Every structure is written in C-alpha cells, then in structure tokens.
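Novice: Attaching a single structure in structure tokens format; questions to follow.
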Amino acid sequence: MNTGISAVYRFLIDACLIMMVIYFLNVDVGREINVSSLVISTIVLALIYFILKQLLNGRMLLFHFVLLGVISFMMNAWLGLLLFHATIIAIFLTWRLALYYFKPDTNQEKGILITSVLLGFFLYLPAIFLENPDAHTGLYFILVQFTILIGGKISTRMMNVEEHNHSGKAKQLSYIFGVPSGILLITAGLFWFTPFMIKGFYSLFSWIAYQIGLGATPLFEWFNRQQAEIETTPNGEQENISQEEQNVLEQAREQTETISAETIMYIIIGACIISAIGIYYRHRNRLIRKKSKTADEEKMQMETEKLSFRFSDLKENLKRKAPKSEIRKAFFELERWAAKRKLGRYDDETVEQWLHRLQLDTNRYADVIDFYQTVRYGEQHLTEDEKRQYTDQLIELKNTLKQKLT
Amino acid sequence: MKQFHKDIKNDRFYYGLAIIASFFIFFSFFGIFGIYSSLMLIGIFLYVIYFINHLYEKNIDRKLALINLRQSIRLYSGETGQLEFHLRQNGWLPMFGARLVMTFDSNIQMGNQSKYESMNISTVEKRLNLFGRESRKISIPFTATKRGIARVRSLRIEIPSLFGYGKITLTLKELVKAEILVYPEIKKVHLNHRSKHQKMGEYQTNFSIFEDPITSYGTRDYAPGDPLNRIHWKSTAKKQVFQTKVVERVNQRSWLILLNVRTKDSPAFTDRIENLISTVAYLSRYATMKGIPYELLINVPKRGNVSFYHVSNGYGRDHYAHSLEVLARVNTQGLTASFNSCLAYGKSIGRSHPYVFHLGEVEQSFLASYQEMENTGTSVYVMHERFQTTWFESLKSHQEVAK
C-alpha cells in the first residue's frame, strides 16, 4: 500500500516535469497547446498501466511496457500533439512506470524537483523574452509538483503507521489535502500582497534616504520626477508633430534615467538579499557543523544509552584529581588512559561490567577487581604481596587493552 | 523546562530551494522577466514551504508532552505484560509517521519488534501519527524472558520533517518511570530433612516437647507428675477434683536461608547464580505454603543498617512477594559483599531459627560459624547439586562428603 502510494506520487511528479517541458517546447514555437490534453494523456497512461497490471496479476514483462509506450504514443498523437513530442512523453512516462515497477524503492524525487525548478526557469526565459502570454502557465507545473510531493509525503507517512493507530479517515484526508491547500492559500495571499509590500518598501527606502541626508540625491529626484511626469504626460494623438518629436526625445532620455534608477534600486535590493542569505548560511553552516559533531558523539552514547564518558571531557579530566591511595591511583591512571582511547568506564558501570563490555574475562582479573573494591569501598589496606599481585594484574590488564586497540 | 532534548537534522534541500526562490523573486522585479510574473509566485511558494518547514522544526516539541506515570509491573518469566505511555500534543502541529524508539534492558522482549541488541540493552521502535490537539495511548506489549529488573533506559521520538528530507529527534530528558520486575523461576528441591522440634517457639503444633503455659485451652484430670503450677484451681474448686491446665504444644519452625552469590575465592558472581536464586524462590514458596516463617540473607551489598540484601523474618503471601522482589533485584553485573559478614549477621540472628539453609559455595572459613550455630541447637543444611538434581544435606554429612 505504502509503496503503491509512493510510486503514484513520484510518477505524478515525473509526469509534471515532462508536461512542463513539452508545454514550453510548444510555447516557444508559438504553438498553442491544451494543458488538459497533457493531463489526460498522463492519467490515461497510468490507468492503462494499472489495468494491465491487474490483468497480468502483477507479472509484467518489458514487452508489456513497450506495448504501454506504443499505446501512449498513439493516444498523444490522437490528442493532437506533435509526433516528436508524443514520442518523448511516451518514452519518458513508460520508462518511469517500468522503473517503479521493477525497482519500487526508487527515490529520485529531489533530482526531479531540482531539475524541474531549474529547467522551468531556463525554459521560461526564451518564452518571456518573446513576450509569449502563455509563458507563465508552464511554471505552474512546478507548483503542482510540490503540492503533489507534500500530499504524497504526508499520506505515505500516515500509511506507515500500523492500522490500529490510525485516526479517522476524514481527519487523515483533511491533513493530506489541507496542508498543501493551506500552503497554496498562503502563497496566493502573499503574492497578492507583494505589490503593497514593494510600494511600502519603496516609500520606506525613500524616507530613510531623505532622513539620512540623501534626500537631494539624483536617485530620489528621479523617482519623484518619473512619477510626476507619468501622471502629466498627455495622450500622443492630441499632440502636434514638433511636440511629439520633442516628447520622444525627452522620454527616451528619461527612460534611460528611469531604467538606471530602477536598476540601482534593484541592485541594492538584490545585493541586500544575497548578502543576507550569504551571512545567514555562513552562520548556519557553522552551527550545523557544530551540531552534527555533538550529534555524532551523542549517537554513539545513545547506542548503549550511557551518560558521558567518565574522562571524555578533557577539561573535566584536568579538574579531576587523582586519588591519594596508591591502589586507587593506579586504577585511576588506567581508567584515564583507557578513556583517552575511547575504552573508558561509564559513570554508572562497575568494574565487572566494564571488563565484560570490553569482552574481557573478569575471572582473569579477579584480584584487581577484589583489591580495588576492597580499598575503594571497604577502605581497607592491602599487604605488600597483595599490592604486588594487584599491580601485576593491572599491568596485564593494560597490555590486554593495548592489544585490543591494535 | 522542556521535556525533550531536540536535535534537528536536515539535508538542506529546502535551503537550496530557498536560494533559488530568492533569485526568482529578485529576477521578477525586472521588467524583462515580466513584472509580477509567475516567477514571483514560484519564489514565494518555495519560500513558504521553507518557512513552514522551519517553523515546524522549531515548534513541534513546544506543546508536546509525554505523560510519564509511575508503573511497576511484576510478572514471572514467560508471562506477557504491556507498557503504556500517553503522548499528548497540546499544540496544532501534527506528527506524521513518527518513530518512537525505546531502549530497555534485555530481560524483557518487546514482541518481534526488537531492532537490535547490544550487551544487555535492546531497542524497539513503534510508528505513530499524532495530530494536532490530540492525545494517544501507546501500548507496547512485552514478554518477560529472564529474571531481573527491566527499565526503559531511553526514549526518543524521531519525527520526519513536515515536507520530507529531514528528521527531528526528541530525546526524553527524564527517566521513564516504568519498572518491570521479572520474578525468578522456581526450581524444585528435594527437602528430605525431618522436622525436629528442638527449640521453644511460638508456633502451635500437635507434636512438640515444648509447651506454652500461657495458651491454655482447657483442663483435664490431674495425673501424677503434673507440676503444681499447672493446676487450674478454679476448675478444681468447681469439680472438687484436681484439674490440670491443658496448654498448646509449641515449637520454633522458622528458617534462615543464606545465599552465597560469590564463586570460591573470588568476588565475582558464581555461574550458578540463577540456579541458586531459583532454589531460594522454591524454598520461599514451600515455606509460604506450609506457613513456615523464614528470613533471607544474600551477600549482595546495599545501603542501610544491614549492608546486604536482607528479608526480615515473616510469613504469608506478602512476605513471599517481597522475597521474590528482592531475588529479582539481584543484579549479577553488580558488586558482591563478603559472605563472612553476612554469616556473622546470620549467626547473631540464628538462635531464633532452628533451621538454617546454606546455598552457594561453602568455604572452609564458613564451617566454624555453622558449627557454632549447630551447637546452639540449630540444624544447618547445605545445598548439593548433581545431575541437575538439587537436595539439602546436613552439615555433618556435608563435612563427611568433603573429607
């Protein structure tokens, strides 16, 4: 079920990409294209695929995909697409369907999305330079793509959860459709609000420039004059020739000035945006690096769910004084040595547990454990023989740890 | 204070899109790209996605609460139980397909969901959806596999970013207040010792050489040899024949169970520890069924006046449950105490127990203390094990076998 949903929404994202490309190819040559024919083509292809799959009990061969490609091509041709474009659509969509069939875990969402955004922009440019009124529509495929992605992602995640954990279907559907719709609504609202924001920004910019003493600058005057003259410019038909010529010359001069003034403002805005993003990312990268470093360390601890190493922090280590007792000091030194090599004992770990964790035989070092615990917790003293025995075993333990490191 | 520690990881896909969106918005100011063109719309759209994702990551845990109730579950090995948590989202931000990852001691097994095991820790994960203003009960069934105490060592919730390509990890800062006590298995032992009523006590019995003069329940005719202080004078006056008080026969039946968890000449836990604990569990059950009071000493250190595990003298179901709990709490990865100090304490209280059972290794140094106990009229029994059969022998027989 989950794999099915993933395959469907990924296929739709792919379909949006190819539809956008085909749309711009048609727009660039001035050919009118009906978007609905592209959508119908995709939906019908997907339906034929599912019907074919059901008929064959999911045992599809490459032959069946070739057949699917041919059907798609014929249908696209019938819908009035150019044969070249029909071939591209048929091949691409059939390839994507075959890919999701043979490799259901294929996840190329990010690549497809980035390609769509960049390709959309670069296909949009020639169309807009040619002042094609249909150029804008092509970019809406990107909107559709992201909307499908968001809905698809939410639904796959919901389906990942076991059945008895599901909330009501209505609630689920409200999120699947509600979140993308909400985003689209916010976008539309902001888009509608943008002219007011720009106007406000322009007024603020002028006011600040005036306040800081740049009010008399040519820039400020240009904006004012441009606005004033646009308002007072008479209709061209009512003027005589000499005035018309004069006006053309004047307008040409003013246009040059206006463009340069606009350009300056846009350059300032752009520079501000780019530098803000640059500063933010520089700062952000540092944070992320720092976070990932600590996260990696935490991850290692989380595997065994222990607290920090006893000697993991060098500053802590320096603060910690070695005990006075010889026996305890020797053990302390060993622990510090081990901790520096990431073999240290945890705070809540006994010596037995520590050795057991390092896969060492605790019976072999029974004397070390016993003597250390006697001194550490029993506050007793050892005889000279016992001390010698303790030191020998401790050295042996250290050597074993060294061997472990190599 | 926030209940969770948050760690955000994302692969900066939406940052990249936000940069592209910035360029789109910037270009859309130029007339040549079309004023208020769809470039602006796409740029705003990508920015909205980025900011909503960012706000989601920032605020998802703001009103999220895990209701951490104290739970104590007691069960025998092989039995099943259920851990329950309540997760409540007081805010509006939903979680889709979040993973609840929990690590716990591996003496319980949480279904077949166990992801990996390392040392004594196992991990289990569960997926869940939690919508805005919603509360969810999460039940995790488990099976007790081994004696001991199982605790949830850590709990974290991994939430995928709202639009994908990232993950928010919320680690619970506090301890999960759930404790699962797995009682030891009960291993049958042959108890072939005959009860000898050697000590005066307070437990009524049909056959005993001891009598409690206070607990008289009737009278009988005087017989030669009856002491004068047993004569019931009021009844004698009524019946005009000498009457002797009939009193309850009593003896002392209580047990003292001593468990030595150490191996010979070493502080480490013996390999047979589980077996020994199972035997102690059987003795406790047997004593409870027969109404025999018992006291238990284990040479595992703890804080308190008695510096090792000690179950004071008592009987009945509650006492049995308490004993099983103490046995369940013996951690074989922990420390052991010297058995000599345990024995010294046992010797001091041994006078009130006619029967002493020793389980575990017997060292020469213990024999003197046991001998002293025997001299006061206490019978000491030592556990023997051979061919998967366990029985008790008296100290004398043990010494003979040892010789």
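The values are calculated or read from the model by the stated rules, or taken from the named source; none is laboratory data. On a predicted model such as this, the values are computed, not experimentally measured, just so you know. Positions of Cβ are backbone-derived with ideal geometry, glycine not excepted, and every protein chain shown enters the neighbour counts.
Novice: Just one of (1) touching a residue at least 60 places away in the same chain (Cβ under 8 Å); (2) in a strand (DSSP E or B); (3) closer than 30 Å to B:Leu64 by Cα; (4) aliphatic (A, V, I, L, M) trips up B:Val182, so point out which.
Specialist: It is condition (3) that B:Val182 fails.
Novice: Under the condition of being within 23 Å of the chain's Cα centre (by Cα) and either more than 17 Å from A:Thr147 (Cα to Cα) or surrounded by fewer than 17 Cβ atoms within 10 Å (Cβ to Cβ) (or both), which residue from segment A:101-111 is nearest to the other protein chains (Cβ to nearest Cβ)?
Specialist: The qualifying residue nearest to the other protein chains (Cβ to nearest Cβ) is A:Lys110.
Novice: Name the residue that is surrounded by the most Cβ atoms within 10 Å (Cβ to Cβ), counting only residues in segment B:125-149 that are within 13 Å of chain A (Cβ to nearest Cβ) and hydrophobic (A, V, I, L, M, F, W, C).
Specialist: Step by step, filter segment B:125-149, then rank; the result is B:Leu130.
Novice: A follow-up question, please. Looking at B:Tyr222, B:Tyr165, can you tell me which residue is surrounded by 12 or more Cβ atoms within 10 Å (Cβ to Cβ) and on the phi > 0 side of the Ramachandran plot?
Specialist: Matching residue, one of B:Tyr222, B:Tyr165: B:Tyr165.
Novice: Could you check segment A:1-23 and list, in sequence order, the residues that are crowded, with 20+ Cβ neighbours inside 10 Å and touching a Ser or Thr at 6+ places or on another chain (Cβ under 6 Å)?
Specialist: Correct list: A:Ser6, A:Ala15, A:Leu17.
Novice: Against the conditions (1) at pLDDT 85 or above; (2) within 27 Å of the chain's Cα centre (by Cα); (3) over 27 Å from A:Asp370 (Cβ atoms), where does B:Phe357 fall short? Just the number, please.
Specialist: (3)
Novice: Restricting to segment B:149-175, name every residue that is touching a helix residue (DSSP H, G or I) at 6+ places or on another chain (Cβ under 8 Å), of a type in the set (A, V, I, L, M) and in a strand (DSSP E or B).
Specialist: B:Ile149, B:Ile168
Novice: A:Met300 versus (1) surrounded by 13 or more Cβ atoms within 10 Å (Cβ to Cβ); (2) of a type outside the set (Val, Ile, Thr); (3) within 21 Å of B:Ser122 (Cα to Cα); (4) at pLDDT below 85: which is the lone unmet condition?
Specialist: In the conditions (1) surrounded by 13 or more Cβ atoms within 10 Å (Cβ to Cβ); (2) of a type outside the set (Val, Ile, Thr); (3) within 21 Å of B:Ser122 (Cα to Cα); (4) at pLDDT below 85, A:Met300 misses (1) alone.
Novice: Separate question: How about segment A:34-93: which of its residues are in a loop (DSSP other than H, G, I, E, B), surrounded by 14 or more Cβ atoms within 10 Å (Cβ to Cβ) and without any contact (Cβ under 8 Å) to a residue 40 or more places away in the chain?
Specialist: Keep residues of segment A:34-93 that are in a loop (DSSP other than H, G, I, E, B), which gives A:34, A:56-61, A:79-82.
Subset that is surrounded by 14 or more Cβ atoms within 10 Å (Cβ to Cβ): A:60, A:79, A:81-82.
Selection gives nothing.
Novice: Just one of the numbered conditions (1) in contact (Cβ under 8 Å) with a residue 40 or more places away in the chain; (2) within 11 Å of another protein chain (Cβ to nearest Cβ) is not true of B:Asp61; which one?
Specialist: Of the numbered conditions (1) in contact (Cβ under 8 Å) with a residue 40 or more places away in the chain; (2) within 11 Å of another protein chain (Cβ to nearest Cβ), the odd one out for B:Asp61 is (2).
Here is a yes/no grid of residues against (1) at positive phi; (2) modelled with pLDDT of 80 or more; (3) assigned to a helix (DSSP H, G or I):
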{"residue": "A:Arg336", "(1), (2), (3)": "no, yes, yes"}
{"residue": "A:Gly344", "(1), (2), (3)": "no, yes, no"}
{"residue": "A:Asp348", "(1), (2), (3)": "no, no, no"}
{"residue": "A:Leu360", "(1), (2), (3)": "no, yes, no"}
{"residue": "A:Asp367", "(1), (2), (3)": "no, yes, yes"}
{"residue": "A:Thr374", "(1), (2), (3)": "no, yes, yes"}
{"residue": "A:Tyr377", "(1), (2), (3)": "no, yes, yes"}
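Novice: Here is a check on your reading of the model: is A:Asn26 in contact (Cβ under 8 Å) with a residue 24 or more places away in the chain, surrounded by 15 or more Cβ atoms within 10 Å (Cβ to Cβ) and not hydrophobic (A, V, I, L, M, F, W, C)? I'd like the intermediate steps shown before the answer.
Specialist: Values: in contact (Cβ under 8 Å) with a residue 24 or more places away in the chain: yes; surrounded by 15 or more Cβ atoms within 10 Å (Cβ to Cβ): yes; not hydrophobic (A, V, I, L, M, F, W, C): yes.
Answer is yes for this residue.
Novice: Oh, and also: Being more than 27 Å from A:Tyr372 (Cα to Cα), more than 19 Å from the chain's Cα centre (by Cα) and hydroxyl-bearing (Ser, Thr, Tyr) narrows it down to one residue among B:Tyr345, B:Tyr381, B:Tyr320; which is it?
Specialist: Numbers: B:Tyr345 fails: more than 27 Å from A:Tyr372 (Cα to Cα); B:Tyr320 fails: more than 19 Å from the chain's Cα centre (by Cα).
Result of the check over B:Tyr345, B:Tyr381, B:Tyr320: B:Tyr381.
Novice: Only one of A:Leu118, A:Leu139 is of a type in the set (A, V, I, L, M), buried (at least 18 other Cβ atoms within 10 Å of the Cβ) and facing chain B (nearest Cβ under 9 Å); which?
Specialist: Values: A:Leu118 fails: buried (at least 18 other Cβ atoms within 10 Å of the Cβ).
Matching residue, one of A:Leu118, A:Leu139: A:Leu139.
Novice: Quick check on segment B:240-296: of everything there that is of a type in the set (Phe, Trp, Tyr) and under 22 Å from the mean Cα position of the chain (by Cα), which residue is farthest from A:Tyr365 (Cα to Cα)?
Specialist: B:Tyr286
Novice: Kindly establish whether B:Leu276 is touching a Gly at 6+ places or on another chain (Cβ under 6 Å) and either within 21 Å of B:Glu393 (Cβ to Cβ) or part of a helix (DSSP H, G or I) (or both).
Specialist: Yes.
Novice: Can I ask one more? Can you confirm whether A:Leu173 is in contact (Cβ under 8 Å) with a residue 40 or more places away in the chain and either outside any loop (DSSP other than H, G, I, E, B) or not charged (D, E, K, R) (or both)?
Specialist: For A:Leu173, the condition - in contact (Cβ under 8 Å) with a residue 40 or more places away in the chain and either outside any loop (DSSP other than H, G, I, E, B) or not charged (D, E, K, R) (or both) - is not met.
Novice: Among the residues of segment B:308-339, write down those that are part of a loop (DSSP other than H, G, I, E, B) and among the polar types (S, T, N, Q).
Specialist: B:Asn331, B:Thr332, B:Gln333, B:Thr336, B:Ser338
Novice: Now, a different point. Is it true that B:Tyr370 is assigned to a helix (DSSP H, G or I), aromatic (Phe, Trp, Tyr) and touching a residue at least 40 places away in the same chain (Cβ under 8 Å)?
Specialist: So B:Tyr370 does not fit the description; no.
Novice: Mind checking which residues of segment B:252-274 are surrounded by fewer than 19 Cβ atoms within 10 Å (Cβ to Cβ) and either of a type in the set (S, T, N, Q) or without any contact (Cβ under 8 Å) to a residue 40 or more places away in the chain (or both)?
Specialist: Across segment B:252-274, the qualifying residues are B:Thr263, B:Ser266, B:Thr270, B:Asp271.
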